[in-house]
1. Restricting the range 146-157 to residues that are surrounded by 18 or more Cβ atoms within 10 Å (Cβ to Cβ) and out of contact with any Asp or Glu (no Cβ under 8 Å at 6 or more places or on another chain), which is farthest from N178 (Cα to Cα)?
2. Those residues that are outside any loop (DSSP other than H, G, I, E, B), farther than 24 Å from D78 by Cβ and of a type in the set (G, A, S), I need them from the range 95-123; list them, please.
3. Give the residue that is surrounded by the fewest Cβ atoms within 10 Å (Cβ to Cβ), with candidates limited to residues of the range 175-188 that are in contact (Cβ under 8 Å) with a residue 40 or more places away in the chain and among the charged types (D, E, K, R).
4. Is it the case that some residue within the range 123-136 is farther than 26 Å from R81 by Cβ and either over 19 Å from the mean Cα position of the chain (by Cα) or surrounded by fewer than 11 Cβ atoms within 10 Å (Cβ to Cβ) (or both)?
5. Would you call R75 in a helix (DSSP H, G or I), surrounded by fewer than 18 Cβ atoms within 10 Å (Cβ to Cβ) and free of Cβ contacts under 8 Å to residues at least 12 places away in the same chain?
Amino acid sequence: MKKIFYIIIFVGISLNINAQQTPRDSINQSIISLLKWHKVNHLHDSSPKHYTLIKELAVSKKLKKRVVNKVGVERYLDFLRSSNFFSETYLNNLRGYFYEIDKILKTSPPVSVGSIVKIDGLDLDFILQTFEPEQILVHIDEGKLEEVLIIENKAIAKFNISQTYTKMLFTLTREKGNWLIDYIGCYQ
């Protein structure tokens, strides 16, 4: 009987500790979990380079045009959505980012069929908005949540990785008890 009593007390204390997690703690956990998820997926088959974001259209036998593959973009956004880290606001903004690149591509002149042309905006890590995501992803555990401002179900958080002089800014929205990422950027 004593054993059952102690088990009930232990479970009650454990549940109470989890229930006392502050919004700041939840936001910190969301940011770190996202970065760890991205680290795993950035280095494996689910990174954007494995989605067909660009397609080529033949203009003639010698010329081609490149455009954004909207089906590939939606598949990539569905993959991000399935992570449960990103809000629809984030996903819509990223979709808009790709569509802006598409507008530029559509007004660009055709290129030779055999040529390889760099497309501005597609040569960086979309999630972290950097050319060197490894500098952030290798040092996730050293990052610290500096400041958090919470108003109702919205939050702005500063996350600093001092070893790499990286100062990240996140905006988040709480939906169904989870903090989802609306925006990732940098601050000075």
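1. Ranking the candidates gives V148 first.
2. S112
3. Out of the qualifying residues, it is E175.
4. Checking the range 123-136: not a single residue is farther than 26 Å from R81 by Cβ and either over 19 Å from the mean Cα position of the chain (by Cα) or surrounded by fewer than 11 Cβ atoms within 10 Å (Cβ to Cβ) (or both).
5. Answer is no for this residue.
Results for (1) at pLDDT 90 or above; (2) touching a helix residue (DSSP H, G or I) at 6+ places or on another chain (Cβ under 9 Å), shown as yes or no for each residue.
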{"site": "F10", "(1), (2)": "no, no"}
{"site": "A19", "(1), (2)": "no, no"}
{"site": "L34", "(1), (2)": "yes, no"}
{"site": "K49", "(1), (2)": "no, no"}
{"site": "L53", "(1), (2)": "yes, yes"}
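The values are calculated or read from the model by the stated rules, or taken from the named source; none is laboratory data. Computed from a predicted model, the values in this text were never measured in an experiment. As a convention, Cβ positions derive from the backbone with ideal geometry for all residues, glycine included, and neighbour counts pool all protein chains shown.
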